[in-house]
Amino acid sequence: MIICGVELTGSDAVVCLLNLDRGQFSLPECKVRKLSLGKNHSREDLKQFQAAFAGLMAEYGVTGVVIRERMAKGKFAGGAISFKLEAAIQLIASPELEVRLLPTALIKSTLAANPLPIPFVDTGLKAFQETAFTAAYVGHMVR
């Protein structure tokens with residue numbers, strides 16, 4: 001089963017695919033590391049973002065998407081654009097794709113109980129994908 005971990009930052013969705021097959025994790029080769037929303041943030045831009053995201057999920061046979069939840073207010077609150085991206089992902093009309101939000105507290109408690117099997121630096125992913133990778137891993141652990 002392939003899960004896509006997502007971290008929303010500004011007008012970008014950083015993605016990381018993680019496969020779990022018979023107890024073994026693997027990182028499927030993926031040509032996309034992040035998807036960006038157009039500069040105008042218009043309705044058309046959102047529709048294009050949503051279509052690109054849905055197409056990527058279909059291309060790689062992804063069955064689950066987990067998004068690291070952002071705070072709605074406070075010092076570390078997510079921006080308005082990132083909440084638009086979240087809604088666009090959640091509203092993808094695909095019965096094969098389950099989209100879930102992972103609260104930070106759940107991520108921390110899951111990692112405490114089930115530490116990552118390998119250090120992130122050994123994955124070969126880019127540093128900016130670490131949060132998306134962690135979200136995908138926790139997504140597999142809390143199924």
Loop only per DSSP, at most 13 neighbouring Cβ atoms within 10 Å: give me the trypsin sites (Lys or Arg not before Pro) in region 30-89, ordered by residue number.
K31, K39, K73, K75
Rounded, prolate or oblate, given the Cα gyration tensor of region 31-105, with a/c below 1.5 counting as rounded?
oblate
Determine the shape class of region 61-143: with a ≥ b ≥ c the square roots of the Cα gyration tensor eigenvalues, call it rounded for a/c under 1.5, and otherwise prolate if a/b is greater than b/c, oblate otherwise.
oblate
Chymotrypsin sites (Phe, Trp or Tyr not before Pro) in region 1-87 lying in a DSSP loop, each with at most 13 other Cβ atoms within 10 Å of its Cβ, come to F76
Solvent-accessible area per residue for region 1-106 (1.4 angstrom probe, square angstrom)
56
With springs connecting C-alpha atoms under 10 Å apart, model the chain as a Gaussian network and identify which of G61, G38, G74 has the largest mean-square fluctuation.
G74
Between L101 and I81, what FRET efficiency comes out of the Förster formula 1/(1 + (r/R0)^6) with R0 = 22 Å and r the beta carbon distance, rounded to 0.05?
0.85
Within the set S36, S26, S82, GNM on the chain using Cα springs under 10 Å gives the largest fluctuation to S26
Build a GNM of the chain with springs between Cα atoms under 10 Å: which of L91, L27, L102 gets the top mean-square fluctuation?
L91
Suppose every Lys and Arg Cβ carries +1 and every Asp and Glu Cβ carries -1, with no other charges. What dipole size does the chain come out with about its Cα centre, to the nearest 20 debye?
420
I need to check one value: relative contact order of the chain, counting alpha carbon pairs closer than 8 Å and at least 6 residues apart, in percent.
34
Within region 40-143, GluC sites (Glu not before Pro) in DSSP loop having at most 13 other beta-carbon neighbours inside 10 Å
E96
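The values are calculated or read from the model by the stated rules, or taken from the named source; none is laboratory data. Bear in mind the structure is a predicted one, so any value in this text is a computation, not a measurement. Every residue, glycine among them, receives a Cβ derived from its backbone with ideal geometry; neighbour counts consider all protein chains shown. The accessibility values were calculated without ligands, DNA or RNA, using every heavy atom of the protein model including side chains. Shrake-Rupley method; radii C 1.70, N 1.55, O 1.52, S 1.80 Å.
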